[in-house]
Amino acid sequence: MGFDDWSAVRLSLLVSGSALLLYALPSYWLGVWLAGTTGRVAKLVNILVMAPLVLPPVVTGFLLLRLLVAFNLPLYFSWIGAALASGLVAMPLWIRSIRIAVEAIDPRLYVVARSLGATRWRQHRTITMPLLRRGLIGGGVLFFGRTLGEFGAVMVVAGNTPGKTQTIPLAIFSKLNAIEPSSIWPLVGASLILSVVLIWLSERLLRGPKRKKSQASHYVATE
Amino acid sequence: MPTSTPAAIPTPFILFTLVLAIVPGCQNREQAVQRELTVFTAASTVDVVEVIGRDFTAQTGIVVRVAGGPSGVLAHQISSGARCDVFVSAHPRYTERLQQEKSNSGTLISLASNELVWVTAADRATDTSLENRLGIAGRIAVANPDHAPAGRYARDALQAVNYWEPLKDRIVYGNDARLTAQYVADGLVDLGVIYRSDATAFGDRIVILEALAMPSDQTIRYQGLAFGCDGNDAIAEDFLAYLASSSSAEQWRRAGFRPLAAH
């Protein structure tokens, strides 16, 4: 791997890692809130935060760039801008996983907790938090993976400067169309390794308490 | 039970109908293809090639389909087998490589030249002295020199006057020529080095400060390469000749290029 290849891998991890940190709290909060609310405001917010899932990422990037300019935040052309852009595109995946996990919680648990005098915060800490763990982790891994692969939004917001904003996909794009051809295989290999590690990691993190096989087949038999 | 439901139509009948539908399609293809050309053209030339294509259609009745993109992407698509009759490239390296790869090396004509200019956004143009602005200015936008011809030319030109090294840390790369010009027009950077044609395309949103001369052994040259797929050779060459003709020269000039009209 050449110097530029390494710097692309390092930068990708930096960008995706920062995006994970930047978007963790908003995604958590929005996921939990959207699961428990059905008001008109919630519906509108839901549409807004889910929009990047279906919008072309170039459009999402373009809108983010306009926003940064409008608020005079000169974060464009920096890796922070790349993290903001790729995270915005990936955020719906995380929010949705958390929301689904929260919605799957049996409401009777809360009824019981309330009857025992648990405060809202205590309910959240002892019921919601442990039970959405899988949604949080699974969604987080999806989020991370999605940010690693983001091209369009990063390109628009951060440009394509090696060592500064050139993440793996941008470096591959650049090599694929280079005036002087060079091998793209090191970066393709790096992407493959990263994705395999990510999937392995998510499987590991998501592995809940081990259930015995006989028990599982028992459920099937009685169904 | 009604026999006319779709499920009741026997499969062989459906297959036969499909075959009937496909076979004449194959036979007619050559005829249909005769009236249509696919042109892949460098992003910076899309507008002008579209205009010239419309003129060509008006004169010959042949429909010209124009697909624009970074020259490198287009060259990559063509060498991967994309159907393309005429390719207009912003850098001779791509046409050279394609000619080496293809068994049919096609006809190559130089169409137009372009120029690099130092630019700034109209609303930042309070001080139009490049010298002063280079001293104080922040970011400078240049297209990525690894894959965008505009950036490669800009790097070569800046290196030739020993500007590249001192300015290097302030330079941000746009992904392609047009996007780089867009950064300038939006005022996201203080200065930019872009094609004169792109500066022209953005009208009064971009102010040209100075031209940036290319090293004496280099020119920014747009080349057209006609392959002609599926028996399209003749009209592909016709269109290429039309792009280079004196009747198209005015269109090139209006878009900010210098036409290299053959006659």
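In a residue-by-residue description of the stretch B:143-154, the property of being touching a strand residue (DSSP E or B) at 6+ places or on another chain (Cβ under 7 Å), surrounded by 16 or more Cβ atoms within 10 Å (Cβ to Cβ) and in a loop (DSSP other than H, G, I, E, B) applies to at least one position. Number of residues in the stretch A:140-166 that are more than 14 Å from every other protein chain (Cβ to nearest Cβ) and either at pLDDT 95 or above or within 10 Å of the chain's Cα centre (by Cα) (or both) equals 9. Of the residues making up the stretch B:158-190, those that are more than 10 Å from every other protein chain (Cβ to nearest Cβ) and free of Cβ contacts under 8 Å to residues at least 60 places away in the same chain are B:Leu158, B:Gln159, B:Ala160, B:Val161, B:Asn162, B:Tyr163, B:Trp164, B:Glu165, B:Pro166, B:Leu167, B:Lys168, B:Arg170. Of all residues in the stretch B:103-120, those being in a loop (DSSP other than H, G, I, E, B) and either of a type in the set (S, T, N, Q) or within 12 Å of another protein chain (Cβ to nearest Cβ) (or both) number 3. Going by what's in this entry, would B:Asp230 be described as surrounded by fewer than 17 Cβ atoms within 10 Å (Cβ to Cβ), closer than 30 Å to B:Gln59 by Cα, away from chain A (no Cβ under 14 Å) and touching a helix residue (DSSP H, G or I) at 6+ places or on another chain (Cβ under 9 Å)? Yes, satisfied. Here the condition is being free of Cβ contacts under 8 Å to residues at least 24 places away in the same chain and either part of a loop (DSSP other than H, G, I, E, B) or not charged (D, E, K, R) (or both); of B:Gln100, B:Gln77, it holds for B:Gln100 alone. Look at (1) assigned to a helix (DSSP H, G or I); (2) within 14 Å of another protein chain (Cβ to nearest Cβ) and you find that A:Tyr76 fails only one, number (1).
Residue check: B:Arg139 meets all listed conditions (1) more than 8 Å from chain A (Cβ to nearest Cβ); (2) closer than 14 Å to B:Val119 by Cα but one, namely (1).
For the stretch B:121-132, the condition holds for no residue, the condition being that it is part of a helix (DSSP H, G or I) and buried (at least 20 other Cβ atoms within 10 Å of the Cβ). Condition test on A:Ile137, is it modelled with pLDDT under 95 and over 25 Å from A:Phe62 (Cα atoms)? So A:Ile137 fits the description; yes.
The condition of being in a helix (DSSP H, G or I), within 14 Å of another protein chain (Cβ to nearest Cβ) and in contact (Cβ under 8 Å) with a residue 40 or more places away in the chain holds for only one of A:Ala90, A:Ala82, that being A:Ala82. Candidates A:Tyr76, A:Tyr23: the one that is out of contact with any strand residue (DSSP E or B) (no Cβ under 6 Å at 6 or more places or on another chain), farther than 30 Å from B:Ile140 by Cβ and not aliphatic (A, V, I, L, M) is A:Tyr23. Of all positions in the stretch A:197-212, none carries a residue that is within 14 Å of chain B (Cβ to nearest Cβ), part of a helix (DSSP H, G or I), out of contact with any Leu (no Cβ under 8 Å at 6 or more places or on another chain) and modelled with pLDDT of 85 or more.
The values are calculated or read from the model by the stated rules, or taken from the named source; none is laboratory data. What you are looking at is a predicted structure, and each value in this text was computed from that prediction instead of being measured. Don't worry about glycine lacking a Cβ; one is built from the backbone with ideal geometry, like all the others, and counts go over all protein chains shown.
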